[in-house]
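> Can you read through this structure? Questions will come right after.
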Amino acid sequence: YGIEKPATLQAVDYHLTHKGTTFTLLYNGNEYKVDIPLTGKFNVYNCLAAMAILLAEGMPMANICKSLANAPQIPGRFEKVDKGQDFTVIVDYAHTPDGLENVLVTAREIAEKRLITVFGCGGDRDRTKRPIMGGIAAKYSDYSIITSDNPRTEDPMFIIGQVEEGVKPITDQYEIDENRRKAIEIALKMAKKGDVVMIAGKGHEDYQLVNGEVLDFDDRKVAGEILSEILVKK
């Protein structure tokens, strides 16, 4: 299966929006219109892989397309948080340079206007990736908010300082807030119609590791609570 090159299963003319993805599938001399409620080029590849397996198991193509139209969101993997707001909020587990770049490239594709990114780096892990991730966020985002992730036994502000080293040479369109809830709140309050807010790093996790403590914290839950508060005030 593939996209750019001819394959037994090839996706062409794919179109991404904040609501999902459509593409034309070329298979066995026929064309099929596929519509999935998941967005991102990586999900087109995932979809093709699933199709290949199901075809090998003997499922009819019509049944496959119908099933994929109802594919569920994967927790914490480019997961949308929707409370009826007129901008897009996405939570993703991306916590490596490659992972962050992939999700920001996709977010950039679906953003009608600005891309606002909330992210940090974990403690007691590879320190060399911190400025690299800062540079990636600065490159693709219109505005970034650097915050705490899972600092573990390290000083959160020390980690943030290392991330900032990668941001400063590229842009001044960023700010720092060590408090992750406040950082998410800043992003959501500044977002306007057509913007995309990407909250990266923790994804499906429902905790934050701080100085040996396991604190209750879920990006999806926090974003939902703040969005509800914002919408009530409107």
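The values are calculated or read from the model by the stated rules, or taken from the named source; none is laboratory data. Predicted, not measured: the structure shown is a model, and the values here were computed from it. Heads up, the Cβs are rebuilt from the backbone with ideal geometry, glycines too, and the neighbour counts pull from every protein chain shown. Side chains are part of the model used for accessible areas, which takes the heavy atoms of the whole protein and leaves out ligands, DNA and RNA. Shrake-Rupley method; radii C 1.70, N 1.55, O 1.52, S 1.80 Å.
> Just the Cα atoms of the chain: what Rg and Dmax do they give in Å?
So, for the chain, Rg and Dmax equal 19.1, 59 Å respectively.
> Taking Cα atoms of the range 12-136, Rg/Rh with Kirkwood Rh, to two decimals?
Across the range 12-136, the Cα-based Rg/Rh ratio is 1.04.
> If you plug each phi of the range 76-86 into the Karplus form 6.51 cos²θ - 1.76 cosθ + 1.60 with θ = phi - 60°, what whole-Hz ³J(HN,Hα) values come out, in order, with x for Gly and Pro?
Ordered by residue, 3J(HN,Hα) equals x, 10, 6, 8, 7, 10, 10, 10, x, 6, 8 Hz.
> Rounded to the nearest percent, how much of the accessible area of the range 1-140 (1.4 Å probe, protein heavy atoms only) is carbon and sulfur?
Here it works out to 52 percent.
> Once you have the alpha carbon radius of gyration of the range 32-85, what is it after dividing by 2.2 N^0.38 Å, with N set to its residue count? Walk me through the intermediate numbers first.
Numbers: Rg = 12.5 Å, N = 54, 2.2 N^0.38 = 10.0 Å.
This ratio for the range 32-85 stands at 1.25.
> Here's another thing I want to ask about it. Show the residues, 5+ positions off or on another chain, whose built amide H is closer than 5 Å to the amide H of residue 21.
Counting only residues 5 or more places away or on other chains, the set is 36, 38.
> Now for a separate question. Tell me the per residue accessible area of the range 14-100 using a 1.4 Å probe; a whole number in Å² is fine.
52 Å²
> So how exposed is residue 110, as accessible area in Å² (1.4 Å probe, rounded to 10)?
The value for residue 110 is about 10 Å².
> Between beta-carbons, use under 14 Å as the cut-off and find the net charge around residue 40, counting Lys and Arg +1, Asp and Glu -1.
+1
> Something else about it: Which value, in Å², gives the accessible area per residue of the range 136-191 when a 1.4 Å probe is used on the protein heavy atoms?
44 Å²
> Work through the residues other than residue 137 whose Cβ is under 13 Å from its Cβ and net out their charges, Lys, Arg +1 and Asp, Glu -1.
-2
> Which value, in Å to one decimal place, does the Kirkwood hydrodynamic radius take for the range 70-128 when every pair of different Cα atoms is included?
13.1 Å is the Kirkwood radius here.
> Would you please give the residues with an amide H less than 5 Å from that of residue 94, counting only those at least 5 places away or on a separate chain, with H modeled from the backbone geometry?
The answer is 201.
> Once R0 is set to 41 Å, what does the formula 1/(1 + (r/R0)^6) return for the Cβ-Cβ distance between residue 52 and residue 172, expressed as a FRET efficiency to the nearest 0.05?
0.30
> Ordering 112, 213 by how much accessible area each has at a 1.4 Å probe, largest first, what is the list?
The residues order as 112, 213, largest area first.
> What ³J(HN,Hα) values, in whole Hz, does the Karplus curve 6.51 cos²θ - 1.76 cosθ + 1.60 give for the range 211-228 when θ = phi - 60°, with x put for Gly and Pro?
Each residue's phi maps through the Karplus curve to give 6, x, 9, 9, 9, 6, 7, 10, 3, 5, 5, 4, 4, x, 5, 5, 4, 4 Hz.
> Have a look at the range 109-171 and give its Rg and Dmax from the Cα atoms, expressed in angstrom.
Answer for the range 109-171, Rg first and Dmax second: 11.9, 39 Å.
> For residue 139, give me every one of the lysines with a C-alpha distance below 26 angstrom, ignoring sequence neighbours fewer than eight places off in its own chain.
Residue 139 reaches 19, 41, 80, 113, 129, 168, 182, 189, 192, 193, 202.
> Also, quick follow-up: Keeping all protein chains in place and using 1.4 angstrom, which order do 155, 82 fall into by accessible surface area, from largest down? Can you show the working numbers first?
Working: 155 90, 82 115 Å².
Ranked from most to least accessible, the order is 82, 155.
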